[in-house]
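Some notes on the structure that comes next.
The values are calculated or read from the model by the stated rules, or taken from the named source; none is laboratory data. All of these numbers come straight from a predicted model, not from anything done at the bench. Every residue, glycine among them, receives a Cβ derived from its backbone with ideal geometry; neighbour counts consider all protein chains shown.
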Amino acid sequence: MKTHQTAPTQYVEANGIRFAYRRFGKPGTIPLVLHMHFTGTLDHWDPAITDGFAQDREVILFDNAGIGGSSGEVPTTIEGMAADSAAFIRALGLGQVDALGFSLGGLVAQTLAIAEPVLVRKLVLVGTGPRSGEGMATLTPEAQRIFGASYEPADHLWLKVFFTDSPASQAAGHAFLERFRQRQADRDPEANDKVAPAQLEALGKWGAPRENPYDYLRELKQPTLVVNGDNDVIIYTVNSLILQKHIPNAQLILYPDANHGSQYQYPQRFVRNTSTFLDLDPG
């Protein structure tokens, strides 16, 4: 069976975009389509998570428009990103999927699930938040400091983005980086210099203040699992509480001593908790 390390990069055309993706795991199941964070590519997922899910279900990783190996331009709205995601899923001939979204990907996954209630069966929202969420109009002060600093090697950035400063969390972070670096062949191109500005514009529109900002969450009818760390400084943890409160059928898991990448700190626990949720009869 193909794994995170061995699944080949494939391509499919939709909406004039050539989408890069990898598909592996157990065929004949409802696929789990993963939506990536700010500036992330196919190779930014943790193999402990993707391979963990692939034991029991099919996993699909993809670069949305303008990211990594995909062609096109990055949309400057979350709605545009969600429309491209729907086009990609349909281009694979899929009639129903489960959607997981991490950080920026969680905004896209929410929007996709509302726009495509038949296509998306269940929703997993990790380290993310609602429209006009707390501290979401711009990058948080902590995020601005973290992304504005220099790191050597460069991927040590993720130790600050995803993990707390505690020794235990940092140790989990170094273990994550070892897994993160494992795939050497057929790696995805890193995001080019047009990606971050477009995504920041989309994030700004999403986070801008508005009246009754959380009313739209009532439209999310899918069973939803919200996951975060108890000390997320990139998208503040309170936003996960807001999601759980306003989505009609949502449950919340907060992992201890964890920042924005709580799922990477507790990969086995995250796979177990999420798999249990996905396997439950939606009724």
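Could you tell me which of the residues G127, G133 is touching a strand residue (DSSP E or B) at 6+ places or on another chain (Cβ under 7 Å) and either modelled with pLDDT of 95 or more or under 29 Å from F277 (Cβ atoms) (or both)? The unique qualifying residue is G127. Restricted to segment 74-110, and to residues that are among the hydroxyl-bearing types (S, T, Y) and over 14 Å from M36 (Cα atoms), which residue is surrounded by the most Cβ atoms within 10 Å (Cβ to Cβ)? Once the filter is applied, the top-ranked residue is T76. Residues in segment 94-106 that are outside any strand (DSSP E or B) and in contact with a Lys or Arg (Cβ under 8 Å, 6 or more places away or on another chain): Q96 only. Just a yes or no: is a residue in segment 165-178 of a type in the set (F, W, Y) and farther than 30 Å from A7 by Cβ? Scanning segment 165-178 turns up no residue that is of a type in the set (F, W, Y) and farther than 30 Å from A7 by Cβ. In the set (1) surrounded by 20 or more Cβ atoms within 10 Å (Cβ to Cβ); (2) over 27 Å from N273 (Cα atoms), the condition left unmet by T50 is number (2). Would you point out which residue out of N228, N273, N212, N192 is at positive phi and not small (G, A, S)? One residue alone meets the criteria, N212.
Restrict the check to segment 150-159 and report whether at least one residue is hydrophobic (A, V, I, L, M, F, W, C) and under 17 Å from the mean Cα position of the chain (by Cα).
Yes - at least one qualifying residue is present in segment 150-159.
Remark: I114 matches the filter, which requires a residue to be assigned to a helix (DSSP H, G or I), in contact with an Asp or Glu (Cβ under 6 Å, 6 or more places away or on another chain) and surrounded by 16 or more Cβ atoms within 10 Å (Cβ to Cβ). Among the helices (runs of 4 or more DSSP H) confined to segment 129-190, the ones with at least 1 residues that are free of Cβ contacts under 8 Å to residues at least 24 places away in the same chain, over 29 Å from I78 (Cβ atoms) and out of contact with any Gly (no Cβ under 7 Å at 6 or more places or on another chain) are located at 167-180.
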